[in-house]
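K.L.:
Starting off with a structure, shown below.
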Amino acid sequence: MSNQYYEAVGRRKTSIARVRLFSGDGAVTCNEKPGQEYFPRYGDFDLVTAPLKAAGVEGKYSLTLKITGGGPTGQTGAAQLAVARALLKLNPELRKPMRKGGFLTRDDRMKERKKPGLKRARKAPTFTKR
């Protein structure tokens, strides 16, 4: 096995995912754990590996992921974006199927900050006329 790999970074909310894509048997390792174990929520692991399915290279490449910050949703989204970007470095012709699947769009939605005078980002104290 050659030591060449393709590296990419994905971000979502406050999560950051770094992925290394290399030729292998399709194993997914995330933070030193098997992928299925790291993403136990139903459908999360499928979302992370969806770019591989869209590219038609499922089972041909192995992934190692390092994920920090955020919660389950943010980490899943960050990992998916990182995998798609790594596949693009591997083969630039995959841009069209990656775009079609929506895997290359960075979801920039973040938690809104709390404003002064309000209880939360938008919730105002109860209004009383008298």
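The values are calculated or read from the model by the stated rules, or taken from the named source; none is laboratory data. It should be emphasised that the depicted structure is a prediction, and the values quoted were computed from it without experimental measurement. Glycine gets a Cβ as well: all are built from the backbone with ideal geometry, and neighbour counts include every protein chain shown.
K.L.:
Please tell me if Thr68 is among the hydroxyl-bearing types (Ser, Thr, Tyr), farther than 21 Å from Gly101 by Cα and modelled with pLDDT of 95 or more. Can you show your working first?
P.N.:
Details: among the hydroxyl-bearing types (Ser, Thr, Tyr): yes; farther than 21 Å from Gly101 by Cα: yes; modelled with pLDDT of 95 or more: yes.
So Thr68 passes the test.
K.L.:
Any idea which of Gly117, Gly26 is more than 11 Å from the chain's Cα centre (by Cα), surrounded by 13 or more Cβ atoms within 10 Å (Cβ to Cβ) and of a type in the set (Gly, Ala, Ser)? Give the derivation first.
P.N.:
Numbers: Gly117 fails: surrounded by 13 or more Cβ atoms within 10 Å (Cβ to Cβ).
Going through Gly117, Gly26 in turn, the sole match is Gly26.
K.L.:
Name the residues in the stretch 29-57 that are among the hydroxyl-bearing types (Ser, Thr, Tyr) and surrounded by fewer than 12 Cβ atoms within 10 Å (Cβ to Cβ), would you? Can you show your working first?
P.N.:
If we filter the stretch 29-57 for residues that are among the hydroxyl-bearing types (Ser, Thr, Tyr), which is where we start, we get 29, 38, 42, 49.
Answer for the stretch 29-57, where residues must be among the hydroxyl-bearing types (Ser, Thr, Tyr) and surrounded by fewer than 12 Cβ atoms within 10 Å (Cβ to Cβ): just Tyr42.
K.L.:
Also: Go through the stretch 51-69 and count every residue that is in contact with a helix residue (DSSP H, G or I) (Cβ under 9 Å, 6 or more places away or on another chain), within 20 Å of Leu104 (Cα to Cα) and not β-branched (Val, Ile, Thr).
P.N.:
Selection size over the stretch 51-69: 10.
K.L.:
Return the only residue of Leu88, Leu65 being closer than 21 Å to Val9 by Cβ, assigned to a helix (DSSP H, G or I) and within 19 Å of the chain's Cα centre (by Cα). Walk me through how you get there before you give the answer.
P.N.:
Numbers: Leu65 fails: assigned to a helix (DSSP H, G or I).
Leu88 is the lone residue from the list that is closer than 21 Å to Val9 by Cβ, assigned to a helix (DSSP H, G or I) and within 19 Å of the chain's Cα centre (by Cα).
K.L.:
Something else: Does the stretch 45-52 contain at least one residue that is out of contact with any strand residue (DSSP E or B) (no Cβ under 6 Å at 6 or more places or on another chain), more than 19 Å from Met98 (Cβ to Cβ) and not aromatic (Phe, Trp, Tyr)?
P.N.:
No: the stretch 45-52 contains no residue that is out of contact with any strand residue (DSSP E or B) (no Cβ under 6 Å at 6 or more places or on another chain), more than 19 Å from Met98 (Cβ to Cβ) and not aromatic (Phe, Trp, Tyr).
Every residue, every condition in (1) among the aliphatic types (A, V, I, L, M); (2) in a strand (DSSP E or B); (3) on the phi < 0 side of the Ramachandran plot, yes or no:
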residue: Asn3; (1), (2), (3): no, no, yes
residue: Gly10; (1), (2), (3): no, yes, yes
residue: Ala17; (1), (2), (3): yes, yes, yes
residue: Arg20; (1), (2), (3): no, yes, yes
residue: Gly26; (1), (2), (3): no, no, no
residue: Glu37; (1), (2), (3): no, no, yes
residue: Arg41; (1), (2), (3): no, no, yes
residue: Leu47; (1), (2), (3): yes, no, yes
residue: Lys53; (1), (2), (3): no, no, yes
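K.L.:
State which residue is farthest from Arg41 (Cα to Cα) when the search covers only the stretch 58-106 and only residues that are buried (at least 16 other Cβ atoms within 10 Å of the Cβ) and among the polar types (S, T, N, Q).
P.N.:
Going through the qualifying residues, I end up with Ser62.
K.L.:
So which residues in the stretch 91-130 are of a type in the set (Gly, Ala, Ser) and assigned to a loop (DSSP other than H, G, I, E, B)? Give the steps one after another, and end with the answer.
P.N.:
Within the stretch 91-130, the first condition is being of a type in the set (Gly, Ala, Ser), and the residues that meet it are 101-102, 117, 121, 124.
Scanning the stretch 91-130 gives Gly102, Gly117, Ala121, Ala124.
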